[in-house]
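Computed from the coordinates by the stated procedures, all read-outs in this text should not be read as laboratory data. All figures in this text were calculated on a predicted structure; none of them were measured in a lab. Neighbour counts are summed over all protein chains in view; Cβ atoms, including those assigned to glycine, are modelled from backbone coordinates with ideal geometry.
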Number of protein chains: 2
Amino acid sequence: MSRTETVLRHLDEQEAQLRQRYFELLRIPSVSAQPAHAADCRRTAEFLAAELSAIGFEARVRDTAGHPVVVAHHPGPADGAAPHLLYYGHYDVQPAEPFELWTSPPFEPTVMPGPHGDRVVARGAVDDKGQVMTWLAALRAWHEVGGGIPVKVTALIEGEEEVGSPSLDAFLKENAGELKVADVVVVSDTNQWDFDTPAISTRLRGMAYVQIDLRAASRDLHSGMYGGSARNPINLLTRILGELQDEDGRVQIPGFYDGVEPVSNAQAAQWAELGFDEARFLGDVGLSVPAGERGLGALERLWARPTCDLNGIWGGYTGDGSKTVIAAEAHAKLSCRLVGSQDPAKVVAGIKEFVQSRLPKDCTAEVQVFGLAAPVVVPVENRFVAAAKEILTEEFGKAPAMIGCGGSIPVVESFRRILGLDSLLMGFGLDDDQVHSPNEKFEWRCLTRGARAQARLLGKLAG
Amino acid sequence: MSRTETVLRHLDEQEAQLRQRYFELLRIPSVSAQPAHAADCRRTAEFLAAELSAIGFEARVRDTAGHPVVVAHHPGPADGAAPHLLYYGHYDVQPAEPFELWTSPPFEPTVMPGPHGDRVVARGAVDDKGQVMTWLAALRAWHEVGGGIPVKVTALIEGEEEVGSPSLDAFLKENAGELKVADVVVVSDTNQWDFDTPAISTRLRGMAYVQIDLRAASRDLHSGMYGGSARNPINLLTRILGELQDEDGRVQIPGFYDGVEPVSNAQAAQWAELGFDEARFLGDVGLSVPAGERGLGALERLWARPTCDLNGIWGGYTGDGSKTVIAAEAHAKLSCRLVGSQDPAKVVAGIKEFVQSRLPKDCTAEVQVFGLAAPVVVPVENRFVAAAKEILTEEFGKAPAMIGCGGSIPVVESFRRILGLDSLLMGFGLDDDQVHSPNEKFEWRCLTRGARAQARLLGKLAG
């Protein structure tokens with residue numbers, strides 16, 4: 001039996017132990033957006049550092065201006081000839097609100113039956129705690145029964161991915177010497193193509209996330225006494241934001257499409273072969289009418305076109321019943337997914353101009369920036385992607401789909417820019433995992449198969 | 001000394017006692033919109049019934065489908081020749097939210113110094129508890145030192161005005177025999193023209209208040225995974241509501257202006273004489289650009305034109321920081337002030353059509369109706385208005401302004417329709433009383449002068 005086969009068998013035998021460690025991780029409510037959970041974030045970092053120490057890493061929780069980062073090093077085999085992998089993940093999770101829509105407590109992992117066997121329901125089940133567990137489990141198995149971890153490894157697990165990684169660039173710059181010795185970054189925060197088909201992601205959309213705070217009168221007003229004379233900031237906000245897209249779904253922010261390139265014929269042909277069924281994709285969430293830009297293919301809209309989505313809006317009286325008030329303020333959270341060479345900072349400037357040019361002169365609008373990330377296209381012509389294709393084919397009995405990803409993993413661009421490192425994006429989520437929604441889940445089989453794939457990758461790269 | 005003079009002197013001497021009773025009333029948080037305050041509403045009704053019983057009324061708290069109504073009767077002088085006044089008021093108040101903007105607790109009346117002397121800051125200080133106290137104090141003074149209340153009186157104080165008086169029409173119908181024996185309704189829920197100038201209101205805008213609940217996907221979605229394919233209900237809601245007005249401020253709801261008449265030249269001339277200063281009116285609340293329909297005078301927009309104001313909006317993530325979610329739902333509260341012969345039910349039908357016609361076929365919109373009230377024009381050629389003009393001139397040293405009112409007092413239309421009674425609208429609020437806002441206040445001098453004016457009216461009508 002080869003070393004890899006021994007490791008894979010051990011993984012299969014150790015599923016109960018893996019589940020226990022995974023559940024312990026999920027129980028810590030590491031919500032990075034909510035200051036009340038700051039201590040939970042640190043506790044999660046400490047848990048992971050301990051996990052890594054237990055399998056031979058030199059691991060530390062390192063402070064940043066925000067939530068801490070876990071960094072751990074393993075020297076790999078004694079002969080020193082192996083490549084150096086930098087595993088990246090994030091331990092923070094999205095807020096679990098609205099709590100009332102969860103069928104089980106979001107921070108009490110609950111096993112539910114599904115069409116693919118057991119699934120684990122919890123906030124962070126897949127994003128990204130579950131995906132982090134795939135490579136932690138693989139490393140642990142190599143440590144326990146494979147004769148030691150067969151490559152050099154650095155692990156870097158941050159706690160601010162869900163709020164736009166505000167501290168990570170500074171951290172990478174300050175520790176560039178320590179981190180850039182790696183050969184490639186391995187990121188598991190993406191999806192398979194479907195339950196049976198693995199995937200390697202080759203492009204990620206970028207992001208510009210802002211909050212718009214519109215202010216009119218100096219106080220709330222009676223809508224009878226002032227209606228017809230005083231500006232209503234909610235009407236004004238809907239008027240401004242209602243113009244973000246034209247009737248064809250084209251975003252109207254000035255300069256928005258600078259840097260957006262049409263998809264090449266070759267790329268379009270490759271995506272067409274994937275046979276994506278948008279009707280089913282939308283039907284699974286109760287929709288039937290595609291949104292986004294008119295006249296473009298579904299995968300082009302999802303992977304290669306920018307978006308402009310309002311993620312939240314509030315103002316005035318939102319309680320029971322009626323209150324006849326003209327509010328003083330109205331607010332919205334707005335995020336744009338970006339592609340090609342769109343510049344997030346320029347998009348923010350365009351949003352400011354878009355809003356400002358539509359304001360009466362007695363109203364003000366503040367635009368707070370919550371996150372910026374440039375879009376990324378990942379090189380695929382290298383030994384790491386080649387190895388990943390091979391081992392995914394071995395594990396799944398099927399070659400991986402080479403796909404785009406509509407989401408943003410800003411750190412991939414940071415690794416390239418700051419450390420000069422490319423990334424391998426090999427993840428094990430499914431489209432219906434309800435990431436960022438109530439009842440987020442991870443298929444247990446996706447987690448264990450992911451761990452097996454990660455173990456195979458380590459074996460393959462060991463040579 | 002005439003009986004009226006004796007009563008007025010007594011009112012001046014009893015200010016401390018009046019303030020004590022008034023504060024006791026303000027301390028009960030009778031927020032009709034919030035189910036948690038139902039018991040407080042009943043407690044307020046009981047307090048007022050006791051007040052009326054103490055001055056010779058036969059008073060009872062009467063149940064309705066919602067909050068109870070206080071009805072009290074006083075037979076007036078023994079000879080029975082006096083007219084019969086029906087005093088109307090409401091004991092319920094608007095929600096006090098947002099609490100954090102109050103400089104003192106909303107249900108702990110607090111005396112603050114102001115340019116016109118003491119003012120009382122509390123939710124309901126003026127609307128309508130303070131205004132109700134003006135006529136309660138006058139009746140009490142006549143009872144105590146005037147040789148008895150000199151006219152026949154029915155008092156009717158409801159507890160659902162701030163939520164659109166849903167139970168009142170039924171109550172008036174069921175008790176029409178008991179109530180229609182009055183000659184006129186006296187309503188104190190309106191404003192003076194300014195601190196020095198009294199006013200009688202001659203028109204009230206009507207109201208249609210709805211909540212729009214827009215639903216798209218069956219659950220919240222990840223904006224990266226679905227953005228560009230799935231409908232965003234917040235973008236959709238802003239797009240729909242952003243079209244409510246055109247660039248000239250004209251409301252675009254189908255059939256909206258049916259029944260809206262231009263203001264007559266005579267009316268326009270009378271209003272022009274009032275010398276209303278819109279720049280100052282708006283400047284007092286930090287605004288400088290008139291809103292509403294372009295090209296119309298300020299008082300016409302405030303008193304004789306309909307409006308369409310969003311009173312609240314919410315959807316998606318509204319907490320700290322960022323969450324990249326495409327929400328499943330988005331909501332808004334919308335109210336229209338109505339004039340002339342606009343039909344509130346037709347306006348609601350127009351809103352439904354306006355929203356429905358703009359929906360993609362996989363989204364739904366529910367329109368909940370929270371309140372309907374027809375607009376009112378009050379007859380002014382009668383002995384009650386004539387008497388009010390006289391006594392207001394005596395009390396203020398200045399004739400009252402005959403004004404419109406942008407707000408709605410739906411019950412005025414109900415009294416006309418159900419009981420065949422006209423109303424006299426004589427109120428003592430000021431435009432800067434922050435009605436429905438944090439730090440609502442009532443000038444102590446407005447309350448005491450209001451009580452004196454009410455006492456004079458009783459004396460005048462006694463003959």
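Going 7 Å from the Cα of A:GLU243 toward and past its Cβ, which residues in segment B:227-270 have a backbone nitrogen under 11 Å from where you end up?
B:247
Which cross-chain or sequence-distant (5 or more) residues have an amide H under 5 Å from the amide H of B:PHE370, H modelled 1.01 Å from N in plane?
B:TYR209, B:VAL210, B:GLN211
If we hang a label 7 Å off Cα along the beta carbon direction at A:GLU273, how far is it from the matching labels on the other copies, in nm, shortest first?
8.7
Please give me, ordered by residue number, the GluC sites (Glu not before Pro) of segment A:327-387 that lie in loop per DSSP and have at most 14 other Cβ atoms within 10 Å.
Here the sparse-neighbourhood loop sites are A:GLU381.
Please figure out what share of the DSSP beta bridges in the protein assembly as shown is antiparallel and state it in percent, rounded to the nearest 5.
In the protein assembly as shown, approximately 70 percent of DSSP beta bridges are antiparallel ones.
Taking θ = phi - 60°, what integer Hz values does the Karplus form 6.51 cos²θ - 1.76 cosθ + 1.60 yield along segment B:406-423, in sequence order, with x for Gly and Pro?
With the stated coefficients, segment B:406-423 comes to x, x, 10, 10, x, 5, 4, 5, 5, 4, 5, 6, 8, 9, x, 9, 7, 10 Hz.
Tally Lys/Arg at +1 and Asp/Glu at -1 over every other residue whose Cβ is under 9 Å from the Cβ of A:PHE428; what's the total?
0
Provide an ascending nm list, one decimal, of label-point separations from A:ARG383 to the equivalent residue in each further copy; define each label point as 7 Å from Cα along Cα→Cβ.
In ascending order, 10.9 nm.
Would you mind getting me the FRET efficiency between A:ARG383 and A:SER288? Use the beta-carbon distance for r and R0 = 30 Å, nearest 0.05.
0.10
Determine the equivalent ellipsoid of segment B:172-214 by diagonalising the alpha-carbon gyration tensor, then write out the semi-axes as square roots of 5 times the eigenvalues, largest first, rounded to whole Å.
Semi-axes from the Cα gyration tensor: 27, 26, 7 Å.
Treating the point 7 Å from Cα along Cα-beta-carbon as the label, what are the nm separations from A:GLY295 to the other copies, to one decimal?
Copy-to-copy label distances for A:GLY295: 3.6 nm.
Assuming R0 = 35 Å, what is the FRET efficiency of B:PHE23 and B:MET1, from their Cβ-Cβ distance, to the nearest 0.05?
Efficiency for this residue pair is about 0.70.
Shielding by partners for B:237-248, please: the mean number of other protein chain Cβ atoms within 10 Å of each residue's Cβ.
Taking the mean over all residues of the peptide, I get 5.
In degrees, nearest 10, range 0 to 90: what is the angle between the Cα axis of helix A:129-145 and the longest Cα principal axis of chain A?
10 degrees
To the nearest 10 degrees, how steeply does helix A:444-462 sit against the main Cα axis of chain A, on a 0 to 90 scale?
With both axes taken from Cα atoms, the answer is about 60 degrees.
Could you go through segment B:207-222 in sequence order and give the Karplus-derived ³J(HN,Hα) for each residue, using 6.51 cos²θ - 1.76 cosθ + 1.60 with θ = phi - 60°, rounded to whole Hz, and x for Gly and Pro?
For segment B:207-222, the Karplus curve yields 7, 10, 10, 9, 10, 10, 10, 9, 10, 10, 5, 6, 7, 5, 10, 6 Hz.
Per-residue mean of other chain beta-carbon atoms within 10 angstrom of the beta-carbon, peptide A:326-337?
Taking the mean over all residues of the peptide, I get 5.
Take each of the peptides A:84-95, B:113-124, average the number of other beta-carbon atoms within 10 Å over its residues, and list them starting from the highest.
In decreasing order of mean packing, A:84-95, B:113-124 become A:84-95, B:113-124.
Calculate the dipole size of segment A:50-152 relative to its Cα centre from +1 charges on Lys and Arg beta carbons and -1 charges on Asp and Glu beta carbons; express the result in debye to the nearest 20.
240 debye
So for the pair B:ALA16, B:SER53, with labels modelled 7 Å out along Cα→Cβ, what separation do we get in nm?
Taking the two extended label points, one gets 2.8 nm.
Residue by residue, what Karplus-based ³J(HN,Hα) values in Hz, rounded to whole numbers, does segment B:363-379 have, using 6.51, -1.76 and 1.60 with θ = phi - 60° and x for Gly and Pro?
10, 10, 9, 9, 10, 8, 9, 9, x, 10, 8, 6, x, 9, 10, 8, x
Where Rh is the Kirkwood radius over the Cα pairs of chain B, the temperature 37 °C and the viscosity 0.692 mPa s, what D in µm²/s does Stokes-Einstein return?
Once the numbers are plugged in, D ends up at 139 µm²/s.
When the Kirkwood hydrodynamic radius is evaluated over all pairs of different C-alpha atoms of the protein assembly as shown, what value in angstrom, to one decimal, is obtained?
Here the Kirkwood hydrodynamic radius works out to 31.0 Å.
Across all directions of projection, what mean area in square nanometres is found for the Cα convex hull of segment A:24-99?
6.1 nm²
Using modelled backbone amide H atoms (1.01 Å from N, in-plane), which distant-in-sequence or interchain residues come within less than 5 Å of A:LEU424's amide H?
Long-range HN contacts for A:LEU424: A:VAL185, A:VAL186, A:VAL187.
Average partner chain C-beta neighbours within 10 Å, per residue of B:282-295?
6
Set the bar at 32 Å for Cα to Cα. Now go through B:LYS346/B:LYS389; B:LYS129/B:LYS398; A:LYS333/A:LYS361; B:LYS180/B:LYS441; A:LYS346/B:LYS323 and name every pair that lies beyond it.
B:LYS346/B:LYS389; B:LYS180/B:LYS441
When only Cα pairs under 8 Å and 6 or more residues apart are kept, what is the percent relative contact order across segment B:55-191?
Contact order relative to length: 40 percent.
Taking the Cα-to-Cβ direction at A:THR103 and at B:GLU178 and moving 7 Å from each Cα, how far apart do the two end points lie in nm?
About 5.3 nm separates the two model spin labels.
Could you give the distance between the Cα centres of segment B:26-83 and segment A:430-452, to the whole Å?
Computed from Cα coordinates, the inter-centre distance equals 61 Å.
From zero up to wherever the largest Cα-Cα distance of segment A:303-391 sits, split into 5 Å bins and tell me the percent of pairs in each.
3, 10, 15, 15, 13, 11, 10, 7, 5, 3, 3, 3, 1, 0
Compute the separation of the alpha-carbon centres of segment A:234-304 and segment B:188-261 and state it in Å as a whole number.
28 Å
Given the rotation that superposes chain A on chain B, what residue of A brings its beta carbon nearest the axis, and what is the distance in Å?
Here the nearest residue and distance are A:GLY242, 1.
Helix B:3-13 sits at what angle to the longest principal axis of chain B, using alpha carbons and giving 0 to 90 degrees rounded to 10?
The helix B:3-13 is inclined about 60 degrees to chain B.
Using only alpha carbon pairs under 8 Å that are at least six residues apart, calculate the relative contact order of chain B and give it in whole percent.
26 percent.
Place a +1 charge on the Cβ of each Lys and Arg in the protein assembly as shown and a -1 charge on the Cβ of each Asp and Glu, then give the dipole magnitude about the Cα centre in debye, rounded to the nearest 20.
Here the protein assembly as shown has a charge dipole of around 60 debye.
If each of B:ASP194 and B:ARG417 carries a label point 7 Å out from its Cα toward its Cβ, how far apart are those two points in nm?
3.7 nm
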